[in-house]
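Right, one structure below, let's go through it.
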Amino acid sequence: MKIYKTILFAFSLIFLWSCSDTSDYTVGYLNPAQNRERFVKEGNFMAEKLREYGIETLIKHAEDNDITQLEQGYELLAEGVDLLVIAAVNGNTIAPLVRDARSQGVKVIAYNRLINNSDYDMFVTGDNEEIARIFCEGALKAVPSGNYVVFAGDRFDKNGFEVKEHIDTMLKPHVEAGEINVIYETYIEGWNRERAAFEFQEVLDSHGLVVDAVISCNDPMGLGTVDVLNQYGIAGNVFVTGQDAILEAVRSIEDGEMNLTVYHPHRELGYKTGDLIAKILRENEDPEELANAETFNGTESIPTFRVKSMGINRENLGTLVDLGEYSWEEIRN
């Protein structure tokens with residue numbers, strides 16, 4: 001009995017040590033909005049991976065309001081987080097939070113959306129040149145000549161600006177050769193579906209039903225384009241792109257309405273971000289040693305980790321099933 005009690009006591013100590021180890025660090029994740037499907041998924045995968053390292057994650061959704069996100073960030077600082085992951089609603093207005101966090105010794109990672117004019121530990125993102133290449137190669141293969149429309153993202157999100165620059169560069173020789181004609185191009189505030197639908201209706205009102213391809217830089221804007229095309233009964237006759245592989249867009253591709261989405265593997269991105277955070281917090285690794293690129297944000301060169309993306313169309317839609325992103329039942333529902 002004495003030996004049994006000794007063993008039980010030893011296991012109790014191990015359990016207590018293990019439990020105390022799990023609460024060493026807390027990470028706060030500022031997500032732009034609860035309806036931003038990819039950010040929610042990737043944040044959940046990040047939290048899942050961090051749990052494996054015994055790191056707690058607190059998640060806040062700002063509903064695309066930059067003031068709300070700023071307030072939520074200060075709430076997380078007051079709760080004593082060790083690191084902030086910020087998918088910024090506005091890369092400019094969030095900068096004071098970043099500066100205050102760093103002054104308190106809290107580490108900061110900008111997630112997918114660059115934070116401007118401030119110094120922080122790391123930027124985790126996709127490759128905007130590669131994203132533009134997937135858009136342009138897909139469109140040019142399907143529609144090598146004709147009238148194009150380009151809906152870029154928010155002009156105040158550097159991702160929107162950079163992708164647009166790369167699209168312009170890649171389309172330029174085809175425009176100069178007279179193969180394609182870009183009849184309209186604009187940035188869409190908030191990467192918004194309704195705004196994209198409004199702009200596309202304006203295009204059709206001005207030019208008629210002469211559009212052959214719409215390079216739309218995210219899924220909601222692509223779906224907004226399809227909404228308008230459906231009103232004319234011609235969805236599927238115009239090549240339409242998107243980005244993020246949200247379920248509604250994937251279903252639209254399966255139905256032959258949208259044609260292409262750029263997929264950022266959600267699990268891979270979330271898990272990789274969790275791994276990077278654990279190395280920075282637990283192992284005190286230098287973000288510059290973990291980075292595979294760097295990004296200038298207006299004042300600083302930020303160590304950057306870029307994750308590759310892939311184009312998804314009707315022919316390779318099964319890739320999303322193979323990767324466990326969706327089931328065929330979900331896609332065909």
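Computed from the coordinates by the stated procedures, all read-outs in this text should not be read as laboratory data. No experiment lies behind these values; they were computed from the predicted model shown. For neighbour counting, all protein chains shown are included, and Cβ atoms are generated from backbone atoms with ideal geometry for every residue, glycine included.
Calculate for the chain the 222 nm mean residue ellipticity that helices alone would give, adding -39,500 (n - 2.57) per DSSP H run of length 4 or more and normalising by residue count, nearest 500 deg cm²/dmol. Mind showing how you got there, number by number?
Working: 13 runs with 158 residues, N = 333.
Rounded to the nearest 500, it is -15000 deg cm²/dmol.
When both bridge partners sit in the chain, DSSP labels roughly 15% of those beta bridges antiparallel. Placing unit charges on the Cβ atoms of the charged side chains and taking the dipole of the chain about its Cα centre, the candidate lying farthest along the positive direction among PHE135, LEU30, CYS217 is LEU30. Here the Gaussian network model covers the chain, with springs between Cα atoms less than 10 Å apart; of GLY233, GLY224, GLY153, GLY233 fluctuates the most. Couplings 3J(HN,Hα) of the stretch 37-42, computed from phi: 3, 5, 5, 5, 4, 5 Hz, in residue order, whole Hz [Karplus 6.51 cos²θ - 1.76 cosθ + 1.60, θ = phi - 60°; x for Gly and Pro].
Coupling constants for the stretch 295-305 follow from the phi torsions by the Karplus curve (6.51 cos²θ - 1.76 cosθ + 1.60, θ = phi - 60°), and in residue order they are 9, 8, 10, x, 10, 9, 8, 9, x, 10, 10 Hz; glycine and proline get x. Spacing of the modelled spin labels on ASP100 and GLU52, each 7 Å from Cα toward Cβ, amounts to 3.5 nm. Among the trypsin sites (Lys or Arg not before Pro) in the stretch 120-155, those placed in a DSSP loop whose Cβ has at most 16 other Cβ atoms within 10 Å are ARG155. Ignoring lysines fewer than eight residues from LYS279 along the same chain, the ones with Cα atoms less than 17 angstrom from its Cα are LYS49, LYS107.
Close amide-amide hydrogen proximity is noted between VAL108 and LEU84, ASP121, MET122, each under 5 Å apart and 5 or more residues distant or on a separate chain (H modeled in the peptide plane; Pro and chain starts excluded).
Across the stretch 26-31, computed HN-Hα scalar couplings (Karplus, 6.51 cos²θ - 1.76 cosθ + 1.60, θ = phi - 60°) run 10, 10, x, 10, 9, 9 Hz from first to last residue, x flagging Gly and Pro. The angle between the Cα long axis of helix 2-22 and the main principal axis of the chain comes to about 40°, on a 0 to 90 degree scale. Net charge dipole, the stretch 134-173: roughly 100 debye, given to the nearest 20, about the Cα centre with Cβ charges of +1 for Lys and Arg and -1 for Asp and Glu.
Roughly speaking, what is the stretch gain from LYS141 to GLU71, that is 0.36 nm per residue apart minus the C-alpha to C-alpha distance, in nm to one decimal? Display every interim value, and only then the final one.
On the way: separation 70, 0.36 × 70 = 25.20 nm, distance 4.62 nm.
Answer, rounded to one decimal: 20.6 nm.
So which lysines can LYS141 reach, going by Cα to Cα under 18 Å and dropping same-chain residues fewer than 8 places off? Within the straight-line cut-off, LYS141 pairs with LYS172.
For a label point 7 Å from the Cα of GLU268 along Cα→C-beta, name the residues of the stretch 316-333 whose backbone N is under 17 Å from it. So the set is 316-326. Taking a straight Cα-Cα cut-off under 14 Å and skipping sequence neighbours fewer than 8 places away in the same chain, the aspartates and glutamates within cross-link reach of LYS308 are ASP127, GLU129, GLU130, ASP244, GLU268. For the stretch 246-333, a simple Cβ point-charge model (Lys and Arg +1, Asp and Glu -1, everything else neutral) yields a dipole of about 100 debye relative to the Cα centre. Taking the Cα centre of the chain as reference, the dipole from Cβ charges on Lys and Arg (+1) and Asp and Glu (-1) amounts to some 840 debye. Summarising the label geometry, the points placed 7 Å from Cα in the beta-carbon direction at GLN201 and ASN92 lie 2.9 nm from one another.
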